[in-house]
Structures are given as structure tokens and as C-alpha cells.
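Single-structure report; data block below.
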Amino acid sequence: MHRRPKHDFGRRVENIQADRNDGEAVQEALRFRNFDAVYDNVYDWERGTTAAQVEATVRACGDRLSRYLFMSSVAAYGDGLNHHEGDALAPDDASDPYVRNKAMTERMLFRLHARTGFPVVTFRPPYIYGPENPFYREAFFWDRLRDRRPIILPGDGHRLMQFVYVKDLVAAMVRALTEPGAVGEAFNVANEKPLTQLEVVQALAAAAGKKAEIVRAPREKLLELGGNPMTPPFYFGEYFDMPAITMVVNKARRILGFQPTPFDQGLKETYKWYLRRPRKIKPDYTFDDKALELAATLPPPDED
């Protein structure tokens with residue numbers, strides 16, 4: 001189910017057209033259907049997808065569900081390091097709509113589970129990487145490395161980042177479909193070891209067989225210059241310069257048999273895909289040039 005009149009998954013996959021943020025449209029589209037399982041992977045980045053809208057989808061899916069598998073995010077924790085699944089999620093009044101919506105939706109789903117036995121499973125991945133990534137993340141760095149451009153590192157490069165390979169996340173979600181112990185549980189799904197931003201750049205360069213030329217610039221100066229972590233012009237990849245949130249993945253290992261792919265191996269596979277993928281748009285380095293010019297006039301940045 002999505003908003004478009006067709007898809008590219010082949011004839012065996014039926015196309016159901018509806019805007020999931022329109023509860024009445026979803027109810028109408030699913031009126032005469034029943035499902036054994038639902039994977040809810042959708043978030044509306046322009047308008048947000050609220051707990052009430054997810055609940056409308058839940059109630060439209062019939063009473064035969066054996067699993068409702070919901071894609072949440074590490075962002076549901078709000079902030080902090082080394083989170084376990086039992087830690088408190090962000091409050092209902094969290095300032096960031098994405099954080100607020102993911103946390104409130106999880107609370108709604110687990111309340112349904114507690115009251116009715118609703119067979120929910122939620123997943124809280126950090127940065128997802130791998131082939132077909134629609135965000136300008138790995139490609140942001142590989143474009144610059146292949147064009148022999150410096151990589152601008154915000155601050156001292158010590159901010160922590162945690163990743164999960166897309167194929168590992170998919171494997172965990174498929175396993176959760178039939179694992180009895182998954183029902184009613186949330187799962188942190190990630191590579192175990194967080195990396196600093198500097199380590200991430202070095203790993204991306206190694207996957208491409210390149211050596212990164214790194215130029216450090218104070219984060220606040222990059223923002224003052226017009227750079228943005230969320231929308232173009234990006235200075236460090238799309239959404240890649242956010243306050244650190246990390247988590248512990250023991251539960252996914254124990255219940256789902258989760259075995260994460262080593263980061264360097266996953267990046268090598270992703271780089272092969274990147275090389276096969278034609279550039280849709282030539283990279284624009286206008287902001288990079290302004291930032292590099294500014295960095296050349298500044299003393300080394302302070303510690304984060």
C-alpha cells in the first residue's frame with residue numbers, strides 16, 4: 001500500500017493505493033481485505049506520521065494479524081548513549097516531530113499489546129546503510145573521494161555514529177515474522193560498536209580504496225555559512241551530523257539470532273552498487289568550496 005497508482009515489484013505483488021495519513025482512505029482501501037502480517041515501514045517526511053494515523057492503519061488491517069512489524073528508530077529514545085530496549089522513550093512533548101511521532105507510536109502499539117494481545121514487534125535501527133540508500137550519505141563521501149575533493153569534518157570528528165547494514169535489518173525483520181518470542185518486543189538492531197565521525201570517513205575511504213584528505217571546521221561556522229545536516233547544502237552527508245544516540249543490541253542477538261555484517265564488509269558491497277549506479281545529478285561543490293575557504297582562515301576547532 002502506497003500513494004502511487006503502480007509499483008515495480010512485479011505482477012505477484014498487488015498494488016493498493018492509499019495515503020496512510022488519511023485514515024478514511026486507508027479504511028476504504030482495506031475494507032474487504034484481511035492480512036496475516038503487516039510491515040509498517042512508512043514515514044511521511046513532509047507532514048509527519050502520527051500515532052493516531054498508525055492506529056488507523058492498525059484498525060483497518062482486520063483481526064487476523066499474527067504480526068504487526070513497525071519500523072521505529074533509535075531516535076525514539078530522544079538522546080543518550082548505550083540504550084537498552086527497556087529504557088524510557090522520548091516524551092510526548094519532544095520538540096522534534098520525528099522523535100515525538102516515533103516514540104508516541106511505539107507507546108500506542110505497546111498499549112494495544114498490553115490490552116488486547118495485539119502482536120506488535122518494533123525495530124529501532126540507527127543509520128541504515130547499504131545498496132539502494134535513497135539518502136545522500138555514503139555517496140556524498142564517495143563522490144568527493146573519487147573527485148579528489150577534501151572531506152570536511154565538523155568539529156573534532158568525535159561524535160559517535162552507529163550503523164546497521166540494510167540486509168541485516170531485513171533479515172531481522174523476516175526472522176521476527178515467525179519467532180514466537182518476538183511478539184510484544186522492541187529490538188535495537190545495529191552493529192555493536194559505534195564509530196566516531198572520523199572513523200566513519202576513514203572506513204568509507206578504505207572501502208573505495210582511497211585516502212581521505214580531511215579538513216576540520218567548527219560546526220557552528222558551517223551552520224552560519226548556510227550548511228545543513230538535514231537539507232542541502234549538506235556539509236557531512238544527509239542527516240549525518242546529529243547528536244549521538246547509541247544502543248545495545250544483545251536482545252536482538254538472543255531472540256532473533258541477529259548477526260551484524262562487519263562495517264567494512266558492508267561498505268565494500270555498497271561501494272560496488274554505487275559504482276554500478278549512474279550519477280543522476282552531478283555533485284555540487286559550491287558550498288564545499290566556501291567552507292574550505294573559511295576553514296583555511298580559522299584556527300583548529302575546539303573539542304565537541
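The numbers here are math on the coordinates, done by the rules we state, and not lab data. Given the structure is predicted, the values throughout are model-derived calculations rather than measurements. Ideal geometry is used to build each Cβ from the backbone, glycine not excepted, and the neighbour counts take in all protein chains shown.
Could you work out [θ]222 nm for the chain from helices alone, using -39500 (n - 2.57) per DSSP H run of at least four and dividing by all its residues? Round to the nearest 500 deg cm²/dmol. List each step's numbers first, then the result.
Details: 10 runs with 107 residues, N = 304.
Taken over the chain, the calculation gives -10500 deg cm²/dmol.
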> What is the magnitude of the charge dipole of segment 151-229 about its Cα centre, with +1 placed on the Cβ of each Lys and Arg, -1 on the Cβ of each Asp and Glu, and no other charges, expressed in debye to the nearest 20?
Replying inline: 260 debye
> In whole percent, what relative contact order does the chain give with Cα contacts below 8 Å and a gap of six or more residues?
Replying inline: 19 percent
> Straight-line reach from LYS272: which lysines have Cα under 18 Å away, leaving out those fewer than 8 places along the same chain?
Replying inline: LYS167, LYS210, LYS211, LYS280
> About its Cα centre, what dipole magnitude does segment 67-212 give when the only charges are +1 on Lys and Arg Cβ and -1 on Asp and Glu Cβ, stated in debye to the nearest 20?
Replying inline: 420 debye
> Once the Cα atoms of helix 166-178 and of the chain are each reduced to a long axis, what angle between those two axes, in degrees from 0 to 90 to the nearest 10, is obtained?
Replying inline: 20 degrees
>> Between LEU81 and MET230, what is 0.36 nm times their sequence separation minus the Cα-Cα distance? Round to one decimal in nm.
In response: 51.5 nm
> Taking +1 at the Cβ of each Lys and Arg and -1 at the Cβ of each Asp and Glu, which of LEU109, THR50, VAL121 sits farthest along the dipole of segment 40-183 towards its positive end, judged by Cα position relative to the Cα centre?
Replying inline: VAL121
> When the label point is put 7 Å from the Cα of ASP44 along its Cα-to-beta-carbon vector, which residues of segment 96-114 have a backbone N closer than 18 Å?
Replying inline: 97-106
>> Test of understanding: what is the full-extension gain from LYS210 to ASN250, defined as 0.36 nm times their sequence separation minus their Cα-Cα distance?
In response: 11.0 nm
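Nothing charged except the Cβ atoms of Lys and Arg (+1) and of Asp and Glu (-1): what's the magnitude of the dipole of the chain about its Cα centre? Round to the nearest 20 debye. All intermediate terms of the calculation are to be shown ahead of the outcome.
Numbers: 43 positive and 43 negative charges, 265 e Å.
My answer is approximately 1280 debye.
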>> Can you list residues from other chains, or at least 5 along the same chain, whose modelled amide H is less than 5 Å from the amide H of ASP44?
In response: THR49
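Please go through segment 156-251 and write out the trypsin sites (Lys or Arg not before Pro) that DSSP classes as loop and that have at most 14 other C-beta atoms within 10 Å. It would help to have the intermediate numbers written out before the result.
Working: sites: ARG159, LYS167, ARG175, LYS210, LYS211, ARG216, ARG219, LYS221, LYS251; in loops: ARG159, LYS210, LYS211.
Qualifying residues, ordered by number: LYS211.
How much length would be gained if the chain were fully extended between PHE9 and ARG111, taking 0.36 nm per residue of separation minus their Cα-Cα distance, in nm to one decimal?
Details: separation 102, 0.36 × 102 = 36.72 nm, distance 3.41 nm.
Difference between extended and current length: 33.3 nm.
Tell me, which longest segment in the chain has none of the chymotrypsin sites (Phe, Trp or Tyr not before Pro) that fall in DSSP loops with at most 11 further Cβ atoms within 10 Å?
Working: sites that count: PHE9, PHE32, TRP45.
Longest site-free region, per DSSP loop and neighbour criteria: 46-304.
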> Only one of the listed values, (1) 30, 56, 14, 0; (2) 29, 53, 18, 1; (3) 29, 54, 13, 4, 0, was derived from the coordinates as P(r) over Cα pairs in 20 Å bins from 0, in percent; which label is it?
Replying inline: (1)
> Normalised by the residues of segment 1-160, what does the relative contact order come to in percent, with Cα pairs under 8 Å and at least six apart?
Replying inline: 18 percent
> What is the distance, in nm, between label points placed 7 Å from the Cα along the Cα-to-Cβ direction at LEU294 and at GLU132?
Replying inline: 3.7 nm
